[in-house]
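Heads up, the thing below is written out as C-alpha cells.
The values are calculated or read from the model by the stated rules, or taken from the named source; none is laboratory data. Because the structure is a prediction, the values reported are computed rather than measured. Cβ placement follows ideal geometry from the backbone for every residue including glycine, while neighbour counts extend to all protein chains displayed. These area figures cover heavy atoms from the full protein model, side chains too; ligands, DNA and RNA do not enter into them. Shrake-Rupley method; radii C 1.70, N 1.55, O 1.52, S 1.80 Å.
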Amino acid sequence: MERLRKFNSQPPEKKAQILNRMETFEHMTPEQQQQARSLFQRYHSLPDDQRSKVSQAYRRLRGMPPSARNELLNSDEFKNNYTPEQRELLRGMSDLNVGPGR
C-alpha cells in the first residue's frame, strides 16, 4: 500500500517513467530480467559519489550507437576515469538499455 501511495504522489512525468520501465522489464526475457536485477543491485551498492558518476556516464552512453558506445567505453578517457568494474556495469546497463534513468 505504501508503494502505491508513493507512486500516486509522483508527478505525471515520473509516473510515466516508472510505467515505461515496468513495461520494458516485462518484455525482457527471464535472462535479461535477471541481468537487469543484478546490474541494478550492483549500481545501488556503489557509494553515492560513484553512483552519481556512473549515472552521468550512462546518460552520455545510452543514446549512442553500439559501436560508438563500445569505442568510448574502451577509450583512454574511460579507462582513466572509471574502474574496470564501473565500465563493466556501464557496458551492461547500456547493452540492456537499463539504468538509473530508465
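Normalised by the number of residues in region 22-102, what is the relative contact order in percent for Cα pairs under 8 Å and 6+ residues apart?
Relative contact order comes out at 40 percent.
In whole Å, how far is the Cα centre of region 5-21 from that of region 71-93?
The two parts, judged by their Cα centres, are 31 Å apart.
Taking the Cα-to-Cβ direction at residue 2 and at residue 88 and moving 7 Å from each Cα, how far apart do the two end points lie in nm?
With each label point 7 Å from Cα toward Cβ, the separation is 3.4 nm.
Which whole-number value in Å² is the accessible area per residue of the chain, probe 1.4 Å?
It amounts to 69 Å² per residue over the chain.
Which shape class, rounded, prolate or oblate, goes with region 31-102 when its Cα gyration tensor gives a ≥ b ≥ c as root eigenvalues, a/c under 1.5 marks rounded, and past that a/b bigger than b/c marks prolate?
Values: a/c = 1.70, a/b = 1.16, b/c = 1.46.
In terms of gyration-tensor shape, oblate.
Counting only protein heavy atoms and a 1.4 Å probe, tell me what percentage of the chain's accessible area is made up of carbon and sulfur.
50
Modelled label-to-label distance, residue 10 and residue 25, 7 Å Cα→beta-carbon offset: nm?
Inter-label distance under the simple model: 1.0 nm.
Please state the shape class of region 1-55: rounded when a/c is under 1.5, otherwise prolate if a/b exceeds b/c and oblate if not, all from the C-alpha gyration tensor. Please report the intermediate quantities before stating the final value.
Values: a/c = 2.06, a/b = 1.19, b/c = 1.73.
Note, shape of region 1-55 comes out oblate.
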